[in-house]
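Step one of this worksheet: look at the structure below.
The values are calculated or read from the model by the stated rules, or taken from the named source; none is laboratory data. All values derive from a computational prediction rather than experimental measurement. Backbone-built Cβ (ideal geometry, glycine too); neighbour counts: all protein chains shown.
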Amino acid sequence: PRPARRRVQAGVWRSYWREVLFPRIDRFKPDLILISAGFDAHRRDALNHGLIGIDESDYWWLTRVLCQLANSHSQGRLVSA
């Protein structure tokens, strides 16, 4: 039998962004930030099979911080599609 899969909670997801990904983006100092806005990580999206438990507030938080990084490094150049 397969081992049980555990859902990634929003707090863990946010912590990873805060502790790992945002610092890397900050060090890289991009000229432009592109967001590929797939919402399959949403807790109610069937595609993620219940493995990731984020919601609208988490997407809002991520976008807000990415906008701050764009303002700091790329004169606000950010594209979300």
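Would you confirm whether any residue within the stretch 38-57 is modelled with pLDDT of 95 or more and of a type in the set (F, W, Y)?
no
Identify all residues within the stretch 38-81 that are exposed (fewer than 12 other Cβ atoms within 10 Å of the Cβ), out of contact with any Leu (no Cβ under 6 Å at 6 or more places or on another chain) and acidic (D, E); write none if there are none.
Selection gives E56 alone.
Determine the pairs where a residue that is touching a residue at least 40 places away in the same chain (Cβ under 8 Å), located within the stretch 9-34, has a partner that is among the basic types (K, R) with Cβ atoms under 6 Å apart, the partner being 6 or more residues away or on another chain.
Note: pairs meeting the criteria are L32/R77.
Restricting to the stretch 44-66, name every residue that is basic (K, R) and either in contact with a His (Cβ under 6 Å, 6 or more places away or on another chain) or under 22 Å from F22 (Cβ atoms) (or both).
R64
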